[in-house]
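The values are calculated or read from the model by the stated rules, or taken from the named source; none is laboratory data. Remember, it's a predicted structure, so these values are computed and weren't measured experimentally. Positions of Cβ are generated from backbone atoms using ideal geometry, with glycine treated the same way; all protein chains shown enter the neighbour counts.
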Amino acid sequence: MNRAVFIDRDGVINRAVVRDGKPYAPEGLADFELLAGVPEAIQSLRRAGFLLIVATNQPDVGAGRQAQATVEQIHAHLRSLLPLDDIRVCYHTDADHCACRKPKPGMLLDAARQWQIEVAASVMVGDRWRDIEAGKAAGCRTILIEGGYDERQAEGFDAAVPSLLDASRLILSDRLFQQERYAKR
């Protein structure tokens, strides 16, 4: 079985567009900005043998505010920058009640089956409550990237750090798996 780091996209890998305290996806490739430390974090996790799987909700497509081709263009660019194993996308809105939209664990569990991932030895890294809930429901450890958004706050995560680079260092230190809960929240 493999170990994986499931990674949310907007606000973790790239800068989220924040409006009125809420995070949004970039409108297109021109607005896409990789966050500092992300390449280093991804490379160090790759060297340690983790599969790297992006799991992202992109409801603007389902709501008709963004073209799926735009998201796919961003993902092609992302793959050219980082050695990712997979990018899983949910294009649905909450109203669709699908199994893949975070906070449901569908994207993570589908990837775990395909890639033969042991979820208990894996981590979900995200900046929103939806990411943490999906990771917990899948059976992963969870790390919150503190975004300070004006929305429902995440609870029950294993650790909170300011960046993906800090998350990678924590994962590689093995402290996340040595304790029952690294930082109870």
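Yes or no, residue by residue, for (1) assigned to a helix (DSSP H, G or I); (2) among the aliphatic types (A, V, I, L, M); (3) at pLDDT 95 or above:
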| residue | (1), (2), (3) |
| --- | --- |
| 109 | yes, yes, yes |
| 120 | yes, yes, yes |
| 124 | no, yes, yes |
| 130 | yes, no, yes |
| 135 | yes, no, yes |
| 143 | no, yes, yes |
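Of the residues that sit in the range 68-126 and are hydrophobic (A, V, I, L, M, F, W, C) and in contact with a His (Cβ under 6 Å, 6 or more places away or on another chain), which one is farthest from residue 55 (Cα to Cα)? Write out each step before concluding.
If we filter the range 68-126 for residues that are hydrophobic (A, V, I, L, M, F, W, C), which is where we start, we get 69, 71, 74, 76, 78, 81-82, 84, 87, 89-90, 95, 98-100, 107-109, 111-112, 115, 117, 119-121, 123-125.
Still in the list and also in contact with a His (Cβ under 6 Å, 6 or more places away or on another chain): 87, 98.
Details: 87: 6, 98: 15 Å.
So, considering only residues that are hydrophobic (A, V, I, L, M, F, W, C) and in contact with a His (Cβ under 6 Å, 6 or more places away or on another chain), the one farthest from residue 55 (Cα to Cα) is 98.
So which pairs qualify, if the first residue must be in the range 64-84 and within 21 Å of residue 43 (Cβ to Cβ) and modelled with pLDDT of 95 or more, the second must be among the aliphatic types (A, V, I, L, M) and in a helix (DSSP H, G or I), the Cβ gap must be under 8 Å, and the two must be at least 6 apart or on different chains?
Going by the 8 Å Cβ cut-off, the qualifying pairs are 74/29; 77/29; 82/38; 82/42; 83/42; 84/42; 84/78.
Among (1) at pLDDT 95 or above; (2) in contact with a strand residue (DSSP E or B) (Cβ under 6 Å, 6 or more places away or on another chain); (3) not in a helix (DSSP H, G or I), which single condition is residue 182 missing?
Going through (1) at pLDDT 95 or above; (2) in contact with a strand residue (DSSP E or B) (Cβ under 6 Å, 6 or more places away or on another chain); (3) not in a helix (DSSP H, G or I) one by one, residue 182 breaks only (1).
Residue check, residue 157 against (1) of a type in the set (A, V, I, L, M, F, W, C); (2) within 20 Å of residue 46 (Cα to Cα); (3) part of a loop (DSSP other than H, G, I, E, B), all met but one. Which one?
For residue 157, the failing item is (2).
How many residues are under 14 Å from the mean Cα position of the chain (by Cα) and in contact (Cβ under 8 Å) with a residue 40 or more places away in the chain when one looks only at the range 103-137?
Residues meeting the conditions: 14.
All but one of (1) farther than 21 Å from residue 131 by Cα; (2) surrounded by 14 or more Cβ atoms within 10 Å (Cβ to Cβ); (3) among the acidic types (Asp, Glu) hold for residue 40, so report the exception by its number.
(2)
Determine if the range 167-176 includes at least one residue that is modelled with pLDDT under 95 and not in a helix (DSSP H, G or I).
Looking for residues that are modelled with pLDDT under 95 and not in a helix (DSSP H, G or I), one finds at least one in the range 167-176, hence yes.
Within the range 128-137, can one find any residue that is touching an Asp or Glu at 6+ places or on another chain (Cβ under 9 Å), surrounded by 15 or more Cβ atoms within 10 Å (Cβ to Cβ) and within 20 Å of residue 34 (Cβ to Cβ)?
yes
Output the qualifying pairs, or none if there are none: Cβ atoms under 6 angstrom, residues six or more apart or on different chains, first residue in the range 141-170 and closer than 15 Å to residue 10 by Cβ and of a type in the set (Gly, Ala, Ser), second residue part of a loop (DSSP other than H, G, I, E, B) and at pLDDT 95 or above.
147/11; 147/127; 163/37
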